[in-house]
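Read-outs throughout are calculated quantities, based only on the coordinates presented, and are distinct from any laboratory measurement. The structure displayed is predicted, hence computed values, not measured ones. Heads up, the Cβs are rebuilt from the backbone with ideal geometry, glycines too, and the neighbour counts pull from every protein chain shown.
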Amino acid sequence: RVSRALLIMEQNLARPMPVAKVAAQVHTSARQLERLFKEKVGCAPHTAYLRLRLKHARWMLNSDLSLAAIAADTGFADGAHLSKTFKLVYGINPSEQRRRLLAQAPKASRRGSPPTDAARRIFDEAL
């Protein structure tokens with residue numbers, strides 16, 4: 001159930017769903033889903049959801065998309081909301097993170113959208 005819930009969350013990054021709705025889609029109660037997440041992932045579902053959204057935003061920083069576009073694609077109200085949350089979690093603002101990423105990346109990968117990888121699962125990494 002946890003992996004299905006994470007998949008649902010990953011598929012709904014731009015418009016985050018309430019945990020109760022995610023729970024209903026995996027045929028359990030919100031409270032049971034919270035218990036399962038604590039046991040399997042080590043955090044509450046809403047925390048895991050936020051981490052998924054932030055990981056995706058961090059990955060998207062490899063593109064030329066504006067911070068506002070990245071915020072919209074990851075369910076944040078605006079760029080400021082993303083920046084504040086990103087800095088709280090990672091200790092660095094997204095603009096500085098982007099500068100660091102682009103300084104490390106080869107020039108060919110700096111244009112357009114981030115590289116796609118059909119096998120990429122952002123929740124497979126340690127949250």
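Return the distance in nm (one decimal) between the two label points of a simple spin-label model at residue 25 and residue 81, each offset 7 Å from Cα along Cα→Cβ.
1.9 nm
If Lys and Arg each add +1 and Asp and Glu each add -1, what is the summed charge of the other residues whose beta carbon sits under 13 Å from the beta carbon of residue 75?
Residues close to residue 75 contribute a combined charge of +1.
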